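The values are calculated or read from the model by the stated rules, or taken from the named source; none is laboratory data. Everything numeric here is computed off the predicted structure, so don't read it as measured data. Note that each Cβ is placed from the backbone with ideal geometry, even for glycine, and that neighbours are counted across all protein chains shown. Surface accessibility is based on the protein's heavy atoms, side chains included, excluding ligands, DNA and RNA. Shrake-Rupley method; radii C 1.70, N 1.55, O 1.52, S 1.80 Å.
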Amino acid sequence: MKTIISKYTLFEYLAGRANPLERQQVEDWIVEKENSEVFHQWLMEYETKCPQFIPDQDVAIEHLLHRLDSDISTVQQRLADEPKPTMFMPNRGSRLWLIAASVTLLVSCGWWFREPIQYKSYQTAYGQTTDVYLEDGSKVALNSNSKLKIPRLGFDNDVREVILEGEAEFSVSHTIDNKRFVVKTSEQFQVEVLGTTFSVFARPRGTKVALKCGSVRIDYSQNNERKEVMMKPGDLAFLDQSGAVQLERQQDIKTFAAWKEQRYVFNATAVHEIIAMIEENFGQKVVLSDSNVANRTITGNFKTKNADELLKTISEVLDMKVEQNGNTTLLMNN
């Protein structure tokens, strides 16, 4: 049976005034996929009417755990004071498990809905790029297979903070009050600027920052020690295997975000790096028939719309052929 709730019930739930029955109804209603669009419409309307609402899940969880400790202590004391029954002991013991299970469910729900309430996400699919314009006038060019999260209620704090997964170029606008702009890729790595243009690459195979103009500071953690590195225009910074940031001066930064023009610029780039990029940007898995080809390099400026065109170009340069094998593309010698 489908769950039906009113807008008023959802608003009471978001404000923390819903009773247990209403909370259960709302949580059952939210998880139904057909209600997703209506939920986000009502959520946006609520946030517009109640801009002062900023959920503090950490405090709520702390209070909930404190109540749990008190409830468990009370139950344990009662069990200790009462005569030990022979028939109903399993039921009383199960009360502790029910309390723990209920708390686990509530905590999980709190964390589950925390991100959609606090952040608005922009996500691109494989082979797709898009431009995102922020409220402060800044522009973000988002590469394929990437995700950008921004505060749903705007940049109300002293810091304009966004979260990036993937790859993007930022053109940050300066504010009158010199409000800092921070791009976080993890808890251990962030880029801080005042007004500049730079690119950030944050994929599983590495993290890089290329500075086109202005100045940025990289804050990162290595061996539980906080460190920082200042960058100048033309610098390329990357995390090495030890977790330290290395700088390469006077690099050709213009080519770093060539993907905005559907161009891919290679400068003695190894084939294994190109194959990894194809999988990241297009979601297409490529396998080499000969492992010796992996370290061969390619130099050139190639304009392409999809992975097939790029693979065709690579195969022609390397005198190889491309063969499709199910969901995997095989690059093999002629």
>> If I ignore ligands, DNA and RNA and count only protein heavy atoms, how much of M230 is accessible to a 1.4 Å probe, in Å² to the nearest 10?
In response: 110
>> Let's test the formula: R0 of 56 Å, r as the Cβ-Cβ distance of A125 and I176. What FRET efficiency results, to the nearest 0.05?
In response: 0.90
>> Per residue of the range 318-334, what does 6.51 cos²θ - 1.76 cosθ + 1.60 with θ = phi - 60° give for ³J(HN,Hα)? Whole Hz please, x for Gly and Pro, Karplus curve as stated.
In response: 8, 6, 10, 10, 10, 9, 8, 10, x, 8, 10, 9, 9, 9, 9, 5, 5
>> Which order do you get for D308, D235 if you rank them by accessible area with a 1.4 Å probe, largest at the top?
In response: D308, D235
>> Whole-Hz ³J(HN,Hα) for each residue in the range 196-212, computed from phi via Karplus 6.51 cos²θ - 1.76 cosθ + 1.60 with θ = phi - 60°, x for glycine and proline: what do you get?
In response: 5, 10, 8, 10, 10, 10, 9, 10, x, 8, x, 10, 9, 9, 10, 9, 8
> In sequence order, what are the phi-derived ³J(HN,Hα) couplings for the range 247-258 according to the Karplus relation 6.51 cos²θ - 1.76 cosθ + 1.60 with θ = phi - 60°, rounded to whole Hz, with x for glycine and proline?
Replying inline: 10, 10, 7, 6, 9, 7, 5, 4, 7, 5, 10, 5
> What is the Cα centroid distance between the range 290-311 and the range 152-183, reported in whole angstrom?
Replying inline: 35
>> Distance between the C-alpha centers of the range 1-21 and the range 262-288? Whole Å please.
In response: 48
> Past the 28 Å Cα-Cα mark, which pairs from K7/K179; K212/K285; K260/K285; K149/K254; K179/K227; K232/K285?
Replying inline: K7/K179; K212/K285; K232/K285
> Which value, in Å² and to the nearest 10, is the accessible area of R226 when all protein chains are kept and the probe is 1.4 Å?
Replying inline: 140
> Accessible area per residue, 1.4 Å probe, Å², for the range 141-201: what's the number?
Replying inline: 38
> What figure in square angstrom, to the nearest 10, would you give for the accessible area of K139 with a 1.4 Å probe?
Replying inline: 70
> Hey, what did the range 198-319 get for relative contact order, percent, Cα under 8 Å, at least 6 apart?
Replying inline: 17
> When the accessible area of the range 234-334 is computed with all protein chains present and a 1.4 Å probe, what percentage of it is carbon and sulfur?
Replying inline: 43
> Which of the aspartates and glutamates could be linked to K120 by a straight reach, that is with a Cα gap under 16 Å, when you skip same-chain ones fewer than 8 residues away?
Replying inline: E37, E45, E47, D131, E135, D136, D156, E161, E165
